[in-house]
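The values are calculated or read from the model by the stated rules, or taken from the named source; none is laboratory data. Given the structure is predicted, the values throughout are model-derived calculations rather than measurements. Methodologically, a virtual Cβ is constructed for each residue, glycine included, from the backbone with ideal geometry; neighbour enumeration extends over all protein chains shown.
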Amino acid sequence: MTLPKTIDAGWAVFEIRYSAGLEIESEKMFGYVDFDERVVRINTDAPLPMLRETLLHECLHIIFAGVGLGEEKIETNNENLTEQTTKGLMLFSRLNPFLFKWLIYGEGFYDPK
(Lines give C-alpha, C1' and ligand atoms only; values in the text may rest on other atoms or scores of the structure.)
Protein backbone atom coordinates (compact mmCIF):
# COMPACT_ATOMS: atom_id res chain seq x y z
CA MET A 1 0.00 0.00 0.00
CA THR A 2 1.30 3.46 -0.90
CA LEU A 3 0.81 6.08 1.81
CA PRO A 4 0.99 9.85 1.28
CA LYS A 5 4.48 11.23 1.95
CA THR A 6 4.01 15.02 2.10
CA ILE A 7 1.48 17.74 2.86
CA ASP A 8 1.77 21.05 1.02
CA ALA A 9 0.36 23.80 3.24
CA GLY A 10 1.24 26.58 0.81
CA TRP A 11 3.51 28.23 3.37
CA ALA A 12 5.46 25.00 4.11
CA VAL A 13 5.71 21.38 3.00
CA PHE A 14 5.40 18.82 5.79
CA GLU A 15 6.97 15.37 5.58
CA ILE A 16 4.72 12.53 6.78
CA ARG A 17 6.51 9.87 8.83
CA TYR A 18 4.79 6.62 9.71
CA SER A 19 5.80 4.39 12.60
CA ALA A 20 4.34 1.88 15.03
CA GLY A 21 4.02 2.72 18.72
CA LEU A 22 4.12 6.50 18.35
CA GLU A 23 4.85 8.25 21.65
CA ILE A 24 5.50 11.94 22.26
CA GLU A 25 6.88 12.79 25.71
CA SER A 26 5.91 9.29 26.97
CA GLU A 27 2.30 9.73 25.82
CA LYS A 28 0.87 7.30 23.27
CA MET A 29 -0.59 9.15 20.30
CA PHE A 30 -2.30 8.39 16.99
CA GLY A 31 -0.69 11.40 15.31
CA TYR A 32 1.27 14.59 15.92
CA VAL A 33 2.35 17.70 13.99
CA ASP A 34 5.78 19.14 14.70
CA PHE A 35 5.52 22.66 13.28
CA ASP A 36 9.20 23.44 13.96
CA GLU A 37 10.50 20.42 12.02
CA ARG A 38 7.64 20.49 9.46
CA VAL A 39 6.90 16.81 10.16
CA VAL A 40 3.66 14.93 10.71
CA ARG A 41 4.02 11.68 12.61
CA ILE A 42 1.35 8.98 12.20
CA ASN A 43 0.98 5.81 14.29
CA THR A 44 0.62 2.77 12.04
CA ASP A 45 -0.79 0.53 14.79
CA ALA A 46 -4.32 1.61 13.87
CA PRO A 47 -6.37 0.09 11.02
CA LEU A 48 -6.33 1.98 7.72
CA PRO A 49 -9.64 3.84 8.21
CA MET A 50 -8.41 5.18 11.56
CA LEU A 51 -5.02 6.03 10.03
CA ARG A 52 -6.82 8.11 7.38
CA GLU A 53 -8.92 9.82 10.06
CA THR A 54 -5.79 10.57 12.08
CA LEU A 55 -3.97 12.01 9.09
CA LEU A 56 -6.99 14.20 8.29
CA HIS A 57 -7.02 15.36 11.93
CA GLU A 58 -3.35 16.35 11.71
CA CYS A 59 -3.96 18.06 8.35
CA LEU A 60 -6.68 20.14 10.04
CA HIS A 61 -4.13 21.30 12.63
CA ILE A 62 -1.95 22.51 9.74
CA ILE A 63 -4.91 24.10 7.93
CA PHE A 64 -6.07 25.93 11.06
CA ALA A 65 -2.54 27.20 11.72
CA GLY A 66 -2.45 28.49 8.15
CA VAL A 67 -5.64 30.52 8.57
CA GLY A 68 -4.58 32.01 11.89
CA LEU A 69 -6.08 29.57 14.38
CA GLY A 70 -3.02 28.56 16.38
CA GLU A 71 -2.49 27.26 19.90
CA GLU A 72 -3.91 30.30 21.65
CA LYS A 73 -7.50 30.29 22.86
CA ILE A 74 -9.63 32.53 20.67
CA GLU A 75 -13.19 33.67 20.73
CA THR A 76 -14.99 33.19 17.44
CA ASN A 77 -18.43 32.55 16.07
CA ASN A 78 -19.85 29.88 13.80
CA GLU A 79 -19.73 32.02 10.65
CA ASN A 80 -16.11 33.10 11.15
CA LEU A 81 -14.95 29.55 11.93
CA THR A 82 -16.86 28.20 8.93
CA GLU A 83 -15.33 30.83 6.62
CA GLN A 84 -11.78 30.10 7.82
CA THR A 85 -12.30 26.33 7.59
CA THR A 86 -13.75 26.63 4.08
CA LYS A 87 -10.82 28.71 2.83
CA GLY A 88 -8.32 26.36 4.48
CA LEU A 89 -9.93 23.23 3.03
CA MET A 90 -10.19 24.75 -0.45
CA LEU A 91 -6.50 25.70 -0.39
CA PHE A 92 -5.53 22.29 0.99
CA SER A 93 -7.56 20.42 -1.65
CA ARG A 94 -6.03 22.48 -4.48
CA LEU A 95 -2.45 22.05 -3.22
CA ASN A 96 -2.91 18.35 -2.38
CA PRO A 97 -5.60 16.98 -4.76
CA PHE A 98 -4.53 13.34 -4.54
CA LEU A 99 -3.93 13.41 -0.79
CA PHE A 100 -7.33 15.05 -0.29
CA LYS A 101 -9.08 12.31 -2.30
CA TRP A 102 -7.13 9.59 -0.47
CA LEU A 103 -8.19 10.98 2.90
CA ILE A 104 -11.85 11.09 1.89
CA TYR A 105 -12.22 8.03 -0.37
CA GLY A 106 -9.32 5.71 0.39
CA GLU A 107 -6.25 4.31 -1.29
CA GLY A 108 -7.79 3.82 -4.73
CA PHE A 109 -7.71 7.59 -5.29
CA TYR A 110 -4.13 8.32 -4.17
CA ASP A 111 -1.54 9.00 -6.87
CA PRO A 112 1.91 9.43 -5.26
CA LYS A 113 3.34 11.57 -8.11
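Some notes on this structure:
- When region 4-23 is filtered for residues that are exposed (fewer than 14 other Cβ atoms within 10 Å of the Cβ) and of a type in the set (Lys, Arg), only Lys5 remains.
- Lys101 meets the conditions (1) in contact with a Leu (Cβ under 9 Å, 6 or more places away or on another chain); (2) under 19 Å from Asp8 (Cα atoms) in every case but one. The failed one is (1).
- Pick from region 58-92, criterion surrounded by 15 or more Cβ atoms within 10 Å (Cβ to Cβ) and not hydrophobic (A, V, I, L, M, F, W, C), ranking: modelled with the highest pLDDT: Glu58
- Here Pro4 meets each of (1) within 14 Å of Trp102 (Cβ to Cβ); (2) in contact with a strand residue (DSSP E or B) (Cβ under 8 Å, 6 or more places away or on another chain); (3) free of Cβ contacts under 8 Å to residues at least 60 places away in the same chain with one exception, condition (3).
- Selected residue (criterion: nearest to Ile63 (Cα to Cα)) from residues of region 13-45 that are in contact with a helix residue (DSSP H, G or I) (Cβ under 8 Å, 6 or more places away or on another chain) and assigned to a loop (DSSP other than H, G, I, E, B): Phe35
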